[in-house]
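Below you'll find the structure, written out as structure tokens, and then a few comments.
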Amino acid sequence: MDASEREQYRAAIHGDREAFEMIIRTHSRTLFAIAFAILQSREEAEDAVQDSLVKAWKMRWRVRDPEKFPAWLCMIARHRAHDVFRRRRPVPLSAQIIEPVEPEPNGSSALDQQLHSALAALPELHRAALTLRYFEEMDYRTIENTLGLTNGALRGILGRALASLRKQLRPALVSTD
Amino acid sequence: MATVHDEIDNWLAADLYGELSDEEQRQLHTHLVECAVCRKTHQETKTMNKILEETFAQQKPDPAFEQRMLASFRQRIPERSGLLKLLADLMRLRAAQVTAVAAVLLALVQLGRMITGETATPQRARDRYANEQLFEQPSQVAATSEPDRAGALEKSDELAAGKPKDLALPAPPPSSGTRSELHKDFKALPATVAPAKTPQAETAAKEIGSEEAMNYVAEPSSAETPAPELVNRKLIRNATVELEIVSFDDAVQKITAFAKEERGYVATTDSQKQANGKLRGQVVVKVLPENLDRFLQKIRGLGELKNQTLGTEDVTKAYFDTDARLKNARVMEQRLVDMMKTKTGKVSDLLQVEKELGRVREEIEKMQGELKYWDSQVQFATVTISLVEKDMEEPAAFLIKERSQLALYAPDVEKIYNDIKALASSKVQITNAQLNRDYSGRISATMSMLIAPEESEAVIGRVKSFGRVENFQTQTERIAQGGTGMAENAKTKRDKVELNITISREEQEQAFQQTSLRIRTSSVDEKARDLRTLAEKQGGRACSSTFTRDPDGRELANIWLRVPMKNYSALMQSLHSLGKVEDVGVHRQDRTGTQIDEANAPADISIQVYSQGNIVSSETGLFATLRRTLTQSASAIMWSLRMIGVAVAFLAPWVIAIVFIVWFVKRIARARQSKAR
């Protein structure tokens, strides 16, 4: 993190609106990725990001170390997404995943459906790491920073995530090959 | 390369995401060439990556995503303006937060204080103990400062009252002004009414002053007797004058001369001689009414005027009534005389007529006498002059009365009481003797006696020798007999001497000198006993003593000694042998105007013997100060904590209740929301 970035975070913490808006421009996609990883829904993820940005602005004074500001933002987004996720609990998870797939009963959608359920079966952290990787093409270090992981942990996480997906999708993969 | 094979998933993933170093990439490729299983996995992973990329690419946020986020943020958080923003920003500052917390704590402390009604007194208990026991300085200070404060209050009261006073002040002058104006008018009046008055009289009027202005109002009207409208009026004027003169005879001569000048005469003179040879008397002078005023002026020059009254009686109506009736009576007389002259009729009738004539004549005479009297009264004004010689009240003799008050202090009151009683004889009469013993066993006696003048000196001397004289007062009074003031040749006589004696026990005597001091020593008990013996050696005694020991091992003895003044300095010297003498304070009462036997006068010494205790060392020095400060701050903090605790305890139920209510309301709201969904 360079000095200008840190200065930006510091200004945002001290109530500089422009700095905060700049942070929104640079970081909202990351937040979206995190929320999406949890919710698996673009609309809900967008709402969650909006909510968490508002909350972050209101609670920004709680952050002491400007360097931790991005991680803190991510944490807020994750909590917010969890809240949303919890609230929709009454709707069964499997049903929701199956629902949008049903109207498209072709081959590729079958693979999609399999992929969805495989992704849903992954631990949340794995899903988040994957999402960040594929959405933002982030390198390992940035992902680790964003998710608050220690150095080197991500390599195992992504490896396991890919392996798990691969195992579940093997039949489909073979057929496509 | 077992590690690569075992963790092939991680390696492949890292390879996929370009996270392998060149060395690692080389290792992976080597392994993939060797291991068929891993090669297959590599293939599958690559395929899956493609699928994943495709899938995620669909879900990726569109390019306008950031703009949407910004727009919603701006919509939901409208930019704050002005003061609110400033306040919100301010609260974000560390210093502001600290201040706010401090303010809250202070408020809590204050609240705690209000609840408990306690004030911050983090004074050390030990110090307090010392202060109260040793010197009672705080109370003294309070006592001395109290009147000051009271004085200040009074002053402020005065200030407050000052305004009304000042406001009230200007009121009188106008009234006095009007009075003086009235006065002027008053004085001016006679001047206008009586322009004929002689300048001499006018100057005299000014001399006499305002109080006699009344007389001058009356005078002009009376002085106008010859005025046209008053010619036929019959006025009787009289005056009384009281004068103090040097010689009675001279005055009478002069009055006679004045009366002659004014064509009057001295009607009567009478005089009395007083016991001191001075004369008092009265002279009645008749003068012509028109000369009355001049006559009075002259008389005033004789001596000091004490009193003067002027009276005028108008007898005009009565005079003319009588005059008319006289004329009628004369006519009646004439007719009766005529009846007698004719001599007709019976004798009885004649007798009747004669009788009637007699009655009428008698009446005529009476009326004539009355008129004559009035005439004489009107013709001459009557001036009654009372004359008193000066120094009328000079006394004839003097009586010297001597009264003495004697206050004695004695060790044995009763013995002296009896001794004095034994002095009684024909020349010494005891009029009153009283021996009192009060509930606490204190004895006092009061005696009164009358002593023949020639014996008085000796008797008083003897009585004085019985005890210590605290006070002796003699009052001599010269009583004049038969008058007041001075007299050159009056006789002087001595009366019996009255002596009042008060005898009290020595303890009650107020000390001539009071000393307070402290002695620091290690063994208080022992030194206190030493002190007692020392005092007895110097002819004194211990009047009271107390001994206390506090929990710190500090011992404290208060001893009050009384010694005669002559031994005072010796005792003070010997005190130094007992320990370190500190804080010596001497208070001496110089009773001026009373003869006192200073050598034997009692001196009080209040001594405080104390030890420093076992734990506490000297109370001076850096460490003691430091310790004291620390203890004080610690107790202050403890006190604050206690207050905060009280406040929190006070507020806690409310906070809990409010939080519970809020939580409950939120829960209900949430339940409703979920139900609606």
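In this Cβ point-charge picture (+1 for Lys and Arg, -1 for Asp and Glu), the stretch B:513-610 has a dipole of about 120 debye about its Cα centre. Dipole of the stretch B:2-59 computed with +1 at Lys/Arg Cβ and -1 at Asp/Glu Cβ about the Cα centre; of B:Gln25, B:Ile51, B:Asn10, farthest Cα towards the positive end is B:Ile51.
For the stretch B:553-568, backbone phi angles converted through the Karplus equation (6.51, -1.76, 1.60; θ = phi - 60°) give residue-by-residue couplings of x, 7, 10, 9, 10, 10, 10, 10, 10, 10, 10, x, 4, 5, 9, 4 Hz, Gly and Pro being listed as x.
Check cross-link reach from B:Lys254 to the lysines: straight Cα distance under 29 Å, and skip same-chain residues fewer than eight apart. In chain and number order, the partners are B:Lys197, B:Lys206, B:Lys273, B:Lys278, B:Lys286, B:Lys298, B:Lys306, B:Lys390. Backbone phi angles across the stretch A:62-75, fed through the Karplus curve with coefficients 6.51, -1.76 and 1.60 (θ = phi - 60°), yield HN-Hα couplings of 6, 7, 8, 9, x, 5, 8, 4, x, 4, 5, 4, 4, 4 Hz in residue order; Gly and Pro are listed as x.
In terms of packing, defined here as the mean over residues of other Cβ atoms within 10 angstrom, the peptides B:456-465, B:624-633, B:373-382, B:279-288 line up highest first as B:279-288, B:373-382, B:456-465, B:624-633.
Return the carbon/sulfur percentage of the accessible area of the stretch B:224-392, one whole number, probe 1.4 Å, all protein chains in place. The nonpolar share, carbon plus sulfur, comes to 50 percent. Placing unit charges on the Cβ atoms of the charged side chains and taking the dipole of the stretch A:1-90 about its Cα centre, the candidate lying farthest along the positive direction among A:Gln40, A:Leu73, A:Gly15 is A:Gln40. Computed about the Cα centre, the dipole magnitude for the stretch A:1-90 is approximately 480 debye when only Lys and Arg (+1) and Asp and Glu (-1) carry charge, each at its Cβ.
Taking packing as the residue-averaged number of other Cβ atoms within 10 angstrom, the listed peptides A:34-41, A:153-160, B:260-267 run from highest to lowest as A:34-41, A:153-160, B:260-267. Here the extension length gained between B:Leu350 and B:Arg628 equals 86.0 nm, from 0.36 nm per residue of separation less the Cα-Cα distance.
Return, ordered by residue number, the residues of the stretch A:56-84 whose backbone nitrogen is under 20 Å from a label point located 7 Å along Cα→Cβ of B:Val104. Counting only backbone N, you get A:58-64. Computed from the C-beta positions of B:Gln589 and B:Ser544 and an R0 of 25 Å, the FRET efficiency is 0.80 to the nearest 0.05.
Evaluate E = 1/(1 + (r/R0)^6) for B:Ala96 and B:Gln673, where r is the Cβ-Cβ distance and R0 equals 35 Å; express this FRET efficiency to the nearest 0.05. Efficiency, rounded to the nearest 0.05: 0.40.
The values are calculated or read from the model by the stated rules, or taken from the named source; none is laboratory data. Bear in mind that the values here come from a model prediction, so they are computed numbers and not experimental data. Every residue, glycine as well, gets a Cβ built from its backbone with ideal geometry; the counts of neighbours run over all protein chains shown. All accessible areas refer to the heavy atoms of the entire protein, side chains included, with ligands and DNA or RNA removed. Shrake-Rupley method; radii C 1.70, N 1.55, O 1.52, S 1.80 Å.
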